[in-house]
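Chemist: Pasting in a structure now, in structure tokens, and then I'll have a few things to ask.
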Amino acid sequence: IKLEGGVSVADKIKAIAQAGIVVFGHVGLTPQSSAALGGFKAQGRTTESARAVIEDAIAVYEAGAKFILLEGVPEEVCAFVHKILPIPVYGIGAGADTDGQVLVIGDALGMFEAFTPKFTKKYADIAGIATQAFADYVKDVKEGIFPAPEHKYKISGDMSEFEKLFDEIEKDLKF
């Protein structure tokens, strides 16, 4: 289970871990609760905020998390957490000093035109491709180009038999 939060969820992490379920802690920028943090903003940029991120990471570890994800924090804060914790530390927007990197697939593929986090590298423009594809689809439908004969199933047998079937069913309809 991946659980966002630090000190505030340590008791939940402890209970889950004691039940034998592996917990992946997530601290720093926590998207599901970002509104409470002032929006989708980096954390740990001041010494006061960095202390809170570090304390959250320690609390998550002490509660029993087997891995931790640091998101949207300065590289120096992540490097320090990586240095002091004996569990794997992964990062997303937290610099290179980690045991592994995370990138949200939708961001990496450029699936969203409106917003891309600073720490995301777009490797493709799927949003642009998808937008053009849907525009082409709508145009083809409106112009009667789609569906074309190759996109349709054909009946097996004589059409007159189908017409008899349709007439029979239509006569019995009560609505």
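Chemist: Any residue in the stretch 158-175 that is surrounded by 10 or more Cβ atoms within 10 Å (Cβ to Cβ) sitting within a Cβ distance under 7 Å of a residue that is of a type in the set (A, V, I, L, M, F, W, C) and not in a helix (DSSP H, G or I)? List the pairs, counting only those 6 or more apart or interchain.
Modeler: 162/155
Chemist: Right, here's the next one. If the requirement is being more than 15 Å from residue 102 (Cβ to Cβ), in contact with an Asp or Glu (Cβ under 8 Å, 6 or more places away or on another chain), crowded, with 18+ Cβ neighbours inside 10 Å and of a type in the set (A, V, I, L, M), which of these qualifies: 63, 59?
Modeler: Among 63, 59, only 63 is more than 15 Å from residue 102 (Cβ to Cβ), in contact with an Asp or Glu (Cβ under 8 Å, 6 or more places away or on another chain), crowded, with 18+ Cβ neighbours inside 10 Å and of a type in the set (A, V, I, L, M).
Chemist: A further question on this structure: Going by what's in this entry, would residue 104 be described as surrounded by 12 or more Cβ atoms within 10 Å (Cβ to Cβ), modelled with pLDDT under 95 and in contact with a Ser or Thr (Cβ under 9 Å, 6 or more places away or on another chain)?
Modeler: Against the criterion (surrounded by 12 or more Cβ atoms within 10 Å (Cβ to Cβ), modelled with pLDDT under 95 and in contact with a Ser or Thr (Cβ under 9 Å, 6 or more places away or on another chain)), residue 104 qualifies.
Chemist: From (1) on the phi > 0 side of the Ramachandran plot; (2) surrounded by fewer than 17 Cβ atoms within 10 Å (Cβ to Cβ); (3) modelled with pLDDT of 95 or more, pick out the condition that doesn't hold for residue 38.
Modeler: (3)
Chemist: Of everything in the stretch 73-98, what is in contact with a Pro (Cβ under 9 Å, 6 or more places away or on another chain) and surrounded by fewer than 13 Cβ atoms within 10 Å (Cβ to Cβ)? Give them in sequence order.
Modeler: Within the stretch 73-98, no residue meets the criteria.
Chemist: Restricting to helices (runs of 4 or more DSSP H) lying wholly in the stretch 86-172: which have 3 or more residues that are closer than 28 Å to residue 71 by Cβ?
Modeler: Answer list for the stretch 86-172: 105-108, 126-142.
Chemist: In addition: Show the residue pairs that are 6+ apart or on different chains and have beta-carbon atoms under 6 Å apart, the first residue being within the stretch 122-148 and at negative phi, the second being part of a helix (DSSP H, G or I) and surrounded by 11 or more Cβ atoms within 10 Å (Cβ to Cβ).
Modeler: The qualifying pairs are 123/108; 146/140.
Chemist: Filter the stretch 107-121 down to the residues that are touching a strand residue (DSSP E or B) at 6+ places or on another chain (Cβ under 9 Å) and not polar (S, T, N, Q), then identify the one that is modelled with the lowest pLDDT.
Modeler: It comes out as 117.
The values are calculated or read from the model by the stated rules, or taken from the named source; none is laboratory data. Nothing here was measured: the structure is a model prediction, and the numbers come from that model. Cβ atoms come from the backbone with ideal geometry, glycine included; neighbour counts cover every protein chain shown.
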